[in-house]
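Working notes for the structure below.
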Amino acid sequence: MFNSSLTIAVPLYNESETIDYMKERLLKAIEKINLPNLNILFVDDGSSDNTYDQLIKNFSDFNNVEIIKHNKNKNLNGFLITVINNCDTEFVVFLDSDCTFDPTYIADMLDLVSPNIDVVNGSPYHPEGDVEGVKKARLFISNGANTLYKFLVDKNISSYTSIFKMYRTSKIKNILIETKGFVAVTELFIKAILDGANVIELPCVLKIRKYGDSKINIIKSTKNHLIFMSKLMLNK
């Protein structure tokens, strides 16, 4: 049974439309988790809308919530670095603000934690996972990327590219994130694996976002993944 400390870390960039829904789903997750040593860390990544004000309005009365604001957009690589530098709990889980992965899955992740497990990987591409409502073009690219990473890393892992992962914080504290954008999520995961982290997968469902627009640039993200893959190939 999990009895340690956990931080739920959430990046937000111009996500004012999603905050009410995110709060609703997070409250459901907190109720299900029922963990006394639980922190929530929001990172407003240089939003130009009123995301920060909405976070203050909705969460200022929570005593276990910290809100960090970047003065400019640093993308997911900047978010990951900020969280790693500021997280002092034994575990940290990264969660999208649009809740395309339902936060209540976090309780299921905690059930899989044991002394020999360092990463619980939320896996929509697991045979028992699923993807609902995601555009076919994005799904095609994601499936292709995950297949290639599986070959390059030589591990029987189904999902490499999704943000929804729980880490033992000590396993990622010293990892240098060198890529930019969405591929940084994959870089952190793969570098943790190559450094000896033990991974277990939690099959889950990835759904289309309900509010706001996706921030991913498919062309740029694909290019960045290919560059990172080429580096992995050179180091094999």
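Quick check on my link table: of K28/K155; K23/K155; K32/K180; K171/K223, which ones sit more than 31 Å apart, alpha carbon to alpha carbon?
Over 31 Å Cα-Cα: K28/K155; K23/K155; K32/K180.
Show me, for region 44-49, the HN-Hα J-couplings you get by feeding each phi into the Karplus relation (A = 6.51, B = -1.76, C = 1.60, θ = phi - 60°), rounded to Hz, glycine and proline as x.
Calculated HN-Hα couplings, in order: 7, 8, x, 4, 9, 9 Hz.
Take S4 and K155, extend 7 Å from each Cα along the Cα→Cβ direction, and tell me the distance between the two endpoints in nm.
With each label point 7 Å from Cα toward Cβ, the separation is 1.6 nm.
Between I68 and K32, take the C-beta separation as r, use R0 = 35 Å, and let me know the FRET efficiency to the nearest 0.05. The partial results should precede the final answer.
Details: r = 26 Å, r/R0 = 0.73.
Plugging the Cβ-Cβ distance into 1/(1 + (r/R0)^6) gives 0.85.
What accessible area per residue comes out for the chain, rounded to a whole number of Å², with a 1.4 Å probe?
Each residue of the chain exposes 50 Å² on average to a 1.4 Å probe.
Assuming a ≥ b ≥ c are the square roots of the Cα gyration tensor eigenvalues, decide whether the chain counts as rounded (a/c under 1.5), prolate (otherwise, with a/b larger than b/c) or oblate.
rounded
Collect residues whose amide H, placed 1.01 Å from N in the peptide plane, falls under 5 Å from the amide H of S47; neighbours closer than 5 in sequence don't count.
For S47, whose amide H was placed from the backbone, the distant partners under 5 Å are N14.
For the chain, with all protein chains present and a 1.4 Å probe, just round the carbon and sulfur fraction of the accessible area to a whole percent.
Values: 5880 of 11880 Å².
That fraction is 50 percent.
Please list, by residue number, everything in region 20-54 whose backbone N is under 18 Å from a paramagnetic label point 7 Å out along Cα→Cβ of K210.
Within reach of a label on K210, which here means backbone N under 18 Å from a point 7 Å along Cα→Cβ, region 20-54 contributes 20-32.
Taking only complete DSSP H runs, can you tell me which helices of the chain stretch 30 Å or more along their own long axis by Cα positions and average at least -0.5 on the Kyte-Doolittle scale?
Helices meeting the span and hydropathy rule in the chain: none at all.
The values are calculated or read from the model by the stated rules, or taken from the named source; none is laboratory data. None of the values given here were measured: they were computed from a predicted structure. All Cβ positions, even for glycine, are placed from backbone atoms using ideal geometry, and neighbour counts span all protein chains on display. Keep in mind that these areas ignore ligands, DNA and RNA; they rest on the heavy atoms of the full protein, side chains included. Shrake-Rupley method; radii C 1.70, N 1.55, O 1.52, S 1.80 Å.
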